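I have a structure here, written as structure tokens, and I will follow up with some questions on it.
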Protein chains: 2
Amino acid sequence: MLISELARRADLPVATVKYYLREGLVGPGVATSPTRAQYDDTHLRRLRLVRALAEVGGLRLATISEVLAAVDDDDRPTLELLGAVHEPLAPATPDPSPGWLDAVDRLLQALGWPVHPMASHRRVLAHALETCAGLGHELDDATLRAYAAAAMAVAEVDVEGVPVADRELAIETVVVGTVLREPVLLALRRLAQEAASGRRFGAAGAGC
Amino acid sequence: MLISELARRADLPVATVKYYLREGLVGPGVATSPTRAQYDDTHLRRLRLVRALAEVGGLRLATISEVLAAVDDDDRPTLELLGAVHEPLAPATPDPSPGWLDAVDRLLQALGWPVHPMASHRRVLAHALETCAGLGHELDDATLRAYAAAAMAVAEVDVEGVPVADRELAIETVVVGTVLREPVLLALRRLAQEAASGRRFGAAGAGC
């Protein structure tokens with residue numbers, strides 16, 4: 001296919017496709033004239049993956065390059081491949097106090113979750129807990145345990161759904177599943193709060 | 001206390017406190033001279049609640065006024081009081097397709113969650129599911145059920161923790177608990193994904 005069709009099928013402007021080609025995020029097509037090249041489904045797949053990493057994951061091009069290098073390196077173990085995209089998905093977070101980082105480490109240890117000490121999400125959790133406590137609404141241990149159990153229940157479903165036989169699709173699934181399922185979980189939690197409020201405080205069926 | 005101390009203890013600029021007083025969000029103090037008034041702990045509590053609604057909940061002043069009216073109306077049942085603050089906490093969301101709203105309604109019915117048909121979070125969920133499907137990563141029924149079960153588990157903990165004997169504190173707890181615990185849940189989910197990935201794809205202890 002020509003670049004115009006490639007762009008159309010990837011749902012991207014031609015200018016963006018040309019930019020990704022220049023930056024080497026997508027490999028070159030087969031030149032058929034000095035100004036024309038042919039592309040195939042491997043280009044389309046790669047383009048869709050770059051788009052998911054950029055638009056859904058919000059990753060910078062330098063990070064996308066690193067992720068793609070991991071995808072193309074068949075010697076990289078699956079866990080390392082997934083970590084290469086999962087770690088940079090962590091949202092930017094102000095530095096938490098060291099005391100809260102310690103509290104997170106103790107929690108992870110108590111849960112038996114082996115998490116690499118540099119994992120950015122450890123900092124994100126410490127900051128989130130510190131913010132709650134700063135407003136006088138610290139989560140007690142039982143609440144935190146209930147949250148952790150619920151988080152693991154959905155994480156297991158997420159991880160089971162990663163199609164490891166296809167490395168490109170695996171990475172795309174991790175990005176899309178990690179980022180785009182978050183609003184699903186949050187909306188379900190709020191609807192569940194309304195249902196649970198109805199059960200505790202009002203007639204069943206009254207809703208919020 | 002004077003307005004300067006009131007502002008200091010509420011951790012707000014004096015100008016903001018004056019603005020809230022002018023808008024009637026906080027009742028007037030007892031005038032001790034034409035330019036001075038005394039405030040007490042009821043003013044401080046109300047100011048803290050307004051601050052939580054504005055800063056944590058992101059609510060507009062008109063909505064805050066409605067919530068405060070519900071707090072002050074002792075005849076309002078608890079469920080209605082909580083709904084008055086929970087419903088406007090829904091994030092702004094583009095209109096989902098009617099088909100996705102129907103899918104959400106079928107899900108809520110299957111789950112036995114009685115949710116008011118106007119609940120904004122129903123639209124938020126429909127939009128979130130539509131976005132996943134649009135990127136070719138639709139959630140299957142088993143995944144959605146697992147997410148719903150996890151959401152209800154944390155919602156029950158949230159709702160149990162609402163101190164209904166104190167209406168102002170109840171509303172503050174709903175706002176802070178609903179909004180500020182979201183980053184906690186999301187960070188725990190990502191750490192759990194790393195732990196679950198380690199179990200599925202790598203040596204225990206290797207983490208992400």
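The values are calculated or read from the model by the stated rules, or taken from the named source; none is laboratory data. Computed from a predicted model, the values in this text were never measured in an experiment. When we count neighbours, we look across all protein chains shown, and the Cβ atoms used for this are built from the backbone with ideal geometry, even at glycine. In case anyone asks, the SASA skips ligands and DNA or RNA and just uses the protein heavy atoms, side chains included. Shrake-Rupley method; radii C 1.70, N 1.55, O 1.52, S 1.80 Å.
Simple spin-label model, 7 Å along Cα-to-Cβ: B:Asp105 to A:Thr16 in nm?
Placing both labels 7 Å along Cα→Cβ, they lie 3.4 nm apart.
Based on C-alpha coordinates, I'd like the Rg and Dmax of chain B, in Å.
For chain B, the Cα radius of gyration and maximum Cα-Cα distance read 21.7, 74 Å.
Let me ask another. Please compute the per residue accessible area over segment B:1-45 with all protein chains in place, 1.4 Å probe, rounded to a whole number of Å².
Working: 2860 Å² over 45 residues.
In whole numbers, segment B:1-45 has 64 Å² accessible per residue.
Solvent-accessible area per residue for segment B:78-199 at a 1.4 Å probe radius, Å²?
About 38 Å² of surface per residue is accessible.
I've got another one for you. Sorted from largest down, what three extents in whole angstroms do the Cα atoms of segment A:1-61 have along their principal axes?
36, 20, 18
Next question, about the same structure. Inside 10 Å of the C-beta atoms of B:125-137, what's the mean count of C-beta atoms belonging to other chains?
On the way: counts 8, 1, 3, 9, 6, 0, 6, 8, 1, 2, 10, 6, 10.
Mean partner shielding for this stretch: 5.
Got a sec? Which residues in segment B:1-36 would a label at B:Asp72 touch, if it sits 7 Å along Cα→Cβ and we count backbone N under 13 Å?
B:21-29
List every residue whose amide H lies under 5 Å from the amide H of B:Gln38, counting only residues 5 or more places away in sequence or on a different chain, with H placed 1.01 Å from N in the peptide plane.
The answer is B:Val30, B:Ala31, B:Thr32.
Now, a different point. First obtain the Kirkwood hydrodynamic radius of segment B:48-102 from its Cα pairs, then insert it into the Stokes-Einstein equation at 4 °C and 1.567 mPa s, and state the resulting D in µm² per second as a whole number.
Rounded, D is 103 µm²/s.
Compute a Gaussian network model of chain B, connecting alpha carbons closer than 10 Å, and tell me which residue from B:Ala54, B:Ala92, B:Ala192 fluctuates the most.
Highest fluctuation of the listed residues: B:Ala192.
Using the beta-carbon distance between A:Asp95 and A:His116 and R0 = 30 Å, what value does 1/(1 + (r/R0)^6) give for FRET efficiency, to the nearest 0.05? It would help to have the intermediate numbers written out before the result.
Details: r = 18 Å, r/R0 = 0.61.
FRET efficiency, A:Asp95 to A:His116: 0.95.
For segment B:99-151, what ratio Rg/Rh do Cα atoms give with a Kirkwood hydrodynamic radius?
Rg/Rh: 0.94.
Can I ask one more? With helices defined as uninterrupted DSSP H runs, which ones in chain B have an alpha carbon span along their own long axis of at least 18 Å and mean Kyte-Doolittle hydropathy of at least -0.5? Show your work: numbers first, answer last.
On the way: long enough: B:98-111 (20 Å, 0.36); B:120-134 (21 Å, -0.07); B:141-160 (28 Å, 0.61); B:167-201 (49 Å, 0.31).
Result, helices passing both filters: B:98-111, B:120-134, B:141-160, B:167-201.
About its Cα centre, how strong a charge dipole does segment A:1-59 have in debye, to the nearest 20, once Lys and Arg get +1 and Asp and Glu get -1 at the Cβ?
Details: 9 positive and 6 negative charges, 10 e Å.
Dipole about the Cα centre, nearest 20: 40 debye.
Excluding A:Ala142 itself, calculate the net charge of residues whose Cβ lies under 14 Å from the Cβ of A:Ala142, where each Lys or Arg counts +1 and each Asp or Glu counts -1.
-4
Among residues other than A:Leu125 whose Cβ falls under 15 Å from its Cβ, what is the net charge (Lys/Arg +1, Asp/Glu -1)? Before the final figure, lay out the partial values.
Working: positive: A:Arg106, A:Arg122, A:Arg123, A:Arg145, B:Arg181, B:Arg189, B:Arg190; negative: A:Glu87, A:Asp95, A:Asp102, A:Asp105, A:Glu130, A:Glu138, A:Asp141, A:Glu182, B:Glu182, B:Glu194.
Within the 15 Å Cβ shell, the charges total -3.
Okay, next question. What total accessible area, in Å², is buried where chains B and A meet, using a 1.4 Å probe and rounding to the nearest 100?
7500
Per q in 0.07, 0.08, 0.13, 0.14 1/Å, what log10 I(q)/I(0) does a Debye calculation on the alpha-carbon atoms of the protein assembly as shown return?
Evaluating at q = 0.07, 0.08, 0.13, 0.14 Å⁻¹ gives log10 I(q)/I(0) of -0.41, -0.53, -1.14, -1.25.
Working from the alpha-carbon coordinates of segment B:92-208, get Rg over Rh, Rh being the Kirkwood radius.
1.03
Give the shape of segment A:58-139 as rounded, prolate or oblate, defined through the alpha-carbon gyration tensor: a ≥ b ≥ c are the square roots of its eigenvalues, a/c under 1.5 means rounded, and otherwise the shape is prolate if a/b is larger than b/c and oblate if not.
oblate
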